[in-house]
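A.B. asks: Encoded as structure tokens, here's the structure I'll be asking about.
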Amino acid sequence: MVQAGDLPMKSCFSKIALAATLFLPFAAPLLCAAQRAEAAPLAEAFTASSDVAYTQGAIGALKADVYIPLGDGPFPGVVFIHGGGWKNGDRNQMIKLIKAVAEDGYVCMTIEYDVDPVHFPASFHESLDAVRFFRAHAVEYRLDPHHVAVAGSSAGGELAALVALNPSAAPLGKAAAKNTPAPEPVQAALIFNGALDLTAQDESRSTSVEDYLGGKCSVLTEVCRDASPLFHVHAGAPPFYVGHGTTDQAVPFAEAVAFTGALQKAGVPVQFFQAEGGKHTYWADPRFYATNLANIKAFLSANLKGGKH
């Protein structure tokens, strides 16, 4: 039995259905366009210059990629050095972090370098070459050459720390070469799960250090110490950000503890991010990525931008 009020309601639904039917041909293209706009990736806030030859390596030119923020600049910059146990790895290893930093207003240069069978200190000198090249091309990259940081992961962390602590590349305990102009040091360093004390590495578990040095650390004791950033710590070094997983299976967490302790003892500003339960390359772990990135941005802002965003 039809109740009073049913007919007006049904009439209302019929009118709505008819309107929807009439409007649908026009609504569909608009809906599709909206969906395409929503699915389209956001435009990147930087441009990229790829395969830039920055120095000569053992068997040819060594390449880098440079990510330059949009705008007039000049912008502070960061040189990134990948890991890989001095045996492998490539300059895209930290690309997610690199692009995030570039989007935050930093010119980012990520480099390749000579690996095994080329021994220390070749890759260290190449890393210094990268910083020099970066600064020499400041106008081209809209870079502020006086506000540059260096960053590295694992083996790249060792190289980055050496660049920050020993810009003149003087062998441990010896003065820099005479008649050589003193290079401008970097203004900050970021070390992610870095190999900071090669003398503490377990040579029975891995040959990485032996292959890097060209002999066992226990035999090449002076070279091993020279390649270890821990022994280059000194007062007046630039500020450091050190991040390390507490359960790192490749580089013991104790190395980061000893290194940050030495920096603090020398009066060097240091921020220590301890990724609780994090393993090697903790920075790629979704559990720590956002916090680590926020810390990196804050550290760079304080030390390269004077706290300005």
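Derivation of every value follows stated rules applied to the coordinates shown; laboratory data play no part. Only a predicted model underlies this, so the values are computations on that prediction, with no experimental measurement involved. Glycine also receives a Cβ, built like all others from the backbone with ideal geometry; neighbour counts cover every protein chain displayed.
A.B. asks: How would you rank Trp283, Trp86, going from fewest to most other Cβ atoms within 10 Å of each one's own Cβ?
C.D. replies: Trp283, Trp86
A.B. asks: If you plug each phi of the stretch 151-159 into the Karplus form 6.51 cos²θ - 1.76 cosθ + 1.60 with θ = phi - 60°, what whole-Hz ³J(HN,Hα) values come out, in order, with x for Gly and Pro?
C.D. replies: Taking θ as phi minus 60°, the curve returns 9, x, 10, 6, 4, x, x, 4, 5 Hz for the stretch 151-159.
A.B. asks: How large is ³J(HN,Hα) for each residue in the stretch 103-118, as worked out from phi by the Karplus curve 6.51 cos²θ - 1.76 cosθ + 1.60 (θ = phi - 60°), to whole Hz, x for Gly and Pro?
C.D. replies: 5, 8, x, 10, 6, 10, 10, 10, 10, 9, 7, 5, 10, 3, x, 7
A.B. asks: If each Cα of the stretch 97-158 is one equal point scatterer, what is log10 of I(q)/I(0) from the Debye formula at q = 0.18, 0.28 Å⁻¹?
C.D. replies: Computed log10 I(q)/I(0) values: -0.72, -1.30.
A.B. asks: So what is the diffusion coefficient of the stretch 222-279 in µm² per second by Stokes-Einstein at 4 °C and 1.567 mPa s, using a Kirkwood Rh over Cα pairs?
C.D. replies: 108
A.B. asks: Which far-off residues, 5 or more places away or on another chain, put their amide H under 5 Å from the one on Tyr241, with H placed in the peptide plane?
C.D. replies: Ala189, Leu190, Ile191, Gln271
A.B. asks: Does the stretch 207-306 come out rounded, prolate or oblate, given a ≥ b ≥ c as the square roots of the eigenvalues of its C-alpha gyration tensor, rounded meaning a/c under 1.5 and, failing that, prolate meaning a/b above b/c?
C.D. replies: It comes out oblate by the Cα gyration axes.
A.B. asks: Give a residue-ordered list of calculated ³J(HN,Hα) values for the stretch 229-238 (Karplus: 6.51 cos²θ - 1.76 cosθ + 1.60, θ = phi - 60°; whole Hz; x for Gly, Pro).
C.D. replies: Taking θ as phi minus 60°, the curve returns x, 3, 7, 9, 4, 8, 4, x, 5, x Hz for the stretch 229-238.
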